[in-house]
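Below is one structure; the comments refer to it alone.
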Amino acid sequence: MTAEEGREQSAAPTGEAPEPSTLTAWLAHLEGLHPRGQAGIELGLERVLRVKEALAQEPACPVITVGGTNGKGSTCAYLEAVYSFAGYRVGCYTSPHLLVYNERVRVDRLPVDDRALCEAFARVEAARLASGGIALTYFEFGTLAALEVFRAREVEVIILEVGLGGRLDAVNCYDASCAVVTSIALDHTDWLGPTRTTIGFEKAGIYRAGKPAICADPDPPPSLIEHALAIGADLHLIGRDFGYFGDRQQWTFWGRHGLRRGGLANPALRGACQMRNASAALAAIELLRSQLPVSMQAVRRGLVDFQLPGRFQVLPGRPVVVLDVAHNPQAVVGLVDNLGDMGFFARTIAVVGMLADKDIAGSLAPLAGRVDLWLLADLDLPRGASAAFLADVVTAATLGGHVECLASPSLAFQRSVKLAGENDRIVVFGSFYTVAAAMHSMQNGR
């Protein structure tokens, strides 16, 4: 998740700007197009639509768009796995990545190679320059490139994860055959507004007239429902139009008109929220069945035969290490619930690094009395919070436990490994950056 450095460039005729020749160079170029690099956020569709038009991008297959505060990544993963096991060539675009950019663009559940990405970036750059040199953000450029990859690979279904919000997110320049909103909670309030009402309206912006519109939030704000009805979307609400019931061994999905899909193994990912996410994925699959027939064997395999790194990922060995990208109050409540189901541990050591524009106090509050040692890390990023600020939050809220401040998530994770006994538990959370740093440390044997 760190910004790639260096800008290797290929030779070019005198007087012409050289074109990057490697993925590292291309990503550096993308960062340079916006004054805030990877962190650059500039909502709006005008720029990306102009370049999309220059590329003549019109997907020739069904498109499923997935938005929501939490649960987007896992819902995309369920859809991707089910359609892959059903025999379709699937293109899936998600963000952010943990270790390498290629994770964002997958075909047949595998990250595409550097060459495919570089070729797509080159086509987008040519269209961008032909459109007047529009200054696309890092995410906008990457979104257009992902669709270029999918077009070149002739995929049969495209799954797109919204980056931020929905209505003005770059992904929304593509019309969804079916759109899913997983949940609505307070996050990114500087861009989406301060309430669930404003955020719900922004997320409902991915819905389309006459197309299936799914919401898996059990208490959706009226703004989402009103927008769906105003545009004539075919709205499906969890608990009203679809849902689930079952126990720890298996569950049943239900939908409109008496639909039942029973005997399903519980999803591979843990937590009550995953039942809602899996149900939303199955609702989309059922609603698109006339275009994309899927067997129940593919559904059963797709729900259990995959891993999604960093989503309550419990690593084997002692001490137990839990990786979770939870970074807002709703997600941390889910993390705490899952931790409570794990059994007894002598101590819980929390490795935490967060972005300053998150609800830090609200995100840490659910862990009151549950952490024995806080290892708090600086995030050396434009939006990063300092360890000292996190420490002030932990102390002011009397969350309990001993507190240490460290200069980076890597150092914090290394410290946790040094201090943890074999009966302890290390929980790494707060940001994709924090989890990625821990993963890098483990890969490097530190």
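Would you work out if the chain is rounded, prolate or oblate? Take a ≥ b ≥ c from the square roots of the eigenvalues of the alpha-carbon gyration tensor; rounded if a/c is under 1.5, else prolate when a/b is larger than b/c, oblate otherwise. Mind dumping the intermediate values first?
Values: a/c = 1.59, a/b = 1.10, b/c = 1.45.
Oblate shape, in that a/c is at least 1.5 and b/c is the bigger or equal ratio.
Report, in whole Å, the centroid distance computed from the Cα atoms of segment 113-175 and segment 255-302.
The two parts, judged by their Cα centres, are 29 Å apart.
Output ³J(HN,Hα) for segment 327-337: one whole-Hz value per residue in order, computed from phi by the Karplus curve 6.51 cos²θ - 1.76 cosθ + 1.60 with θ = phi - 60°, and x for Gly and Pro.
Once θ is set to phi - 60°, the couplings for segment 327-337 become 9, 8, x, 4, 5, 5, 4, x, 4, 4, 4 Hz.
Using a Cα distance threshold of under 21 Å, what count of lysine pairs results for the chain when pairs must be 8 or more residues apart or interchain?
Numbers: K72/K203; K72/K211; K72/K358; K203/K211; K203/K358.
So the count works out to 5.
How large is ³J(HN,Hα), in whole Hz, for each residue of segment 207-224 in order, when computed from phi with the Karplus curve 6.51 cos²θ - 1.76 cosθ + 1.60 and θ = phi - 60°, using x for Gly and Pro?
With coefficients 6.51, -1.76 and 1.60, one gets 5, 10, 4, x, 10, x, 10, 10, 10, 9, 7, x, 9, x, x, x, 4, 5 Hz.
Please list, by residue number, everything in segment 162-197 whose backbone N is under 20 Å from a paramagnetic label point 7 Å out along Cα→Cβ of L259.
Residues 176-183 qualify, since their backbone N sits under 20 Å from the label point.
Got a sec? Charge dipole of segment 227-297, +1 on Cβ for Lys and Arg, -1 for Asp and Glu; which of A265, A278, L288 is way out at the positive end?
The listed residue farthest towards the positive side: A265.
Ignoring ligands, DNA and RNA, what percent of the 1.4 Å accessible area of segment 123-271 is carbon and sulfur?
Values: 3010 of 5800 Å².
Exposed carbon and sulfur together represent 52 percent of the surface.
I want the antiparallel fraction of DSSP beta bridges within the chain, as a percent rounded to 5.
On the way: 18 of 56 bridges.
Given both bridge residues lie in the chain, the antiparallel proportion sits at roughly 30 percent.
How large is the charge dipole for segment 301-446, taken about the Cα centre, if only the Cβ atoms of Lys, Arg (+1) and Asp, Glu (-1) carry charge, to the nearest 20 debye?
With Lys and Arg at +1 and Asp and Glu at -1, about 300 debye.
Run the accessible area of segment 55-114 with a 1.4 Å probe and give the carbon-and-sulfur part as a rounded percent.
Numbers: 890 of 1720 Å².
Reported share for carbon and sulfur atoms: 52 percent.
Using label points projected 7 Å from each Cα along Cα→Cβ, tell me how many nm separate A122 and R248, to one decimal.
5.6
So which residue, out of L315, L55, L399, gets the largest mean-square fluctuation from a GNM of the chain using Cα contacts under 10 Å as springs?
L315
What residues qualify as long-range amide H neighbours of H236, i.e. H under 5 Å apart, gap of 5 or more or another chain, H built at 1.01 Å from N?
Distant-sequence amide H within range of H236: A213, I214, C215.
Restricting to segment 37-162, what percent of DSSP beta bridges are antiparallel, rounded to 5?
Looking only at bridges with both residues in segment 37-162, the antiparallel portion is about 40 percent.
What number, rounded to the nearest 500 deg cm²/dmol, is the helix-based mean residue ellipticity at 222 nm of the chain, given -39500 (n - 2.57) per DSSP H run of at least four residues and division by all its residues?
Values: 15 runs with 164 residues, N = 446.
Theoretical 222 nm ellipticity from helices: -11000 deg cm²/dmol.
HN-Hα J couplings of segment 63-72 from phi, Karplus 6.51/-1.76/1.60, θ = phi - 60°, integer Hz, Gly and Pro as x?
Values per residue, Gly and Pro as x: 10, 10, 9, 10, x, x, 5, 10, x, 4 Hz.
Gain in length, M342 to D175, computed as 0.36 nm per residue apart minus the alpha-carbon separation, to one decimal in nm? Please list the in-between numbers first.
Working: separation 167, 0.36 × 167 = 60.12 nm, distance 4.16 nm.
Gain in length upon complete extension: 56.0 nm.
What relative contact order, as a whole-number percentage, does the chain give when Cα pairs under 8 Å and 6 or more residues apart are counted?
Numbers: 943 pairs, mean separation 63.6, N = 446.
Answer for the chain is 14 percent.
Rounded to the nearest percent, how much of the accessible area of segment 319-446 (1.4 Å probe, protein heavy atoms only) is carbon and sulfur?
Working: 2730 of 5080 Å².
Carbon-and-sulfur percentage of accessible area, whole number: 54.
Run through the DSSP bridge list for segment 302-446 and note the antiparallel percent, rounded to the nearest 5. Don't skip to the answer; put the middle values down first.
Details: 4 of 22 bridges.
Roughly 20 percent of the beta bridges in segment 302-446 run antiparallel, per DSSP.
Among 248-258, 192-202, how do they line up by average Cβ neighbours within 10 Å per residue, starting with the highest? Before the final figure, lay out each step's value.
Values: 248-258: 12.5, 192-202: 19.5.
For the peptides 248-258, 192-202, the packing ranking is 192-202, 248-258.
Ignoring ligands, DNA and RNA, what accessible area per residue does the chain give at 1.4 Å, in Å²? Could you put the intermediate results ahead of the total?
Details: 18120 Å² over 446 residues.
Accessible area per residue: 41 Å².
Hey, rough spin-label estimate for L229 and E42, points 7 angstrom out along Cα→Cβ, what's it come to in nanometres?
In this crude label model, L229 to E42 measures out at 3.8 nm.
Put C118, C76 in order of accessible area, largest first, 1.4 Å probe: what do you get?
Working: C118 20, C76 0 Å².
Largest accessible area first, the list is C118, C76.
The values are calculated or read from the model by the stated rules, or taken from the named source; none is laboratory data. This is a predicted model, so every value here is computed, not measured. Here the Cβ is made from the backbone with ideal geometry for all residues, glycine too, and neighbour counts use every protein chain on show. Heavy atoms of the whole protein, side chains included, go into the accessibility calculation; ligands, DNA and RNA do not. Shrake-Rupley method; radii C 1.70, N 1.55, O 1.52, S 1.80 Å.
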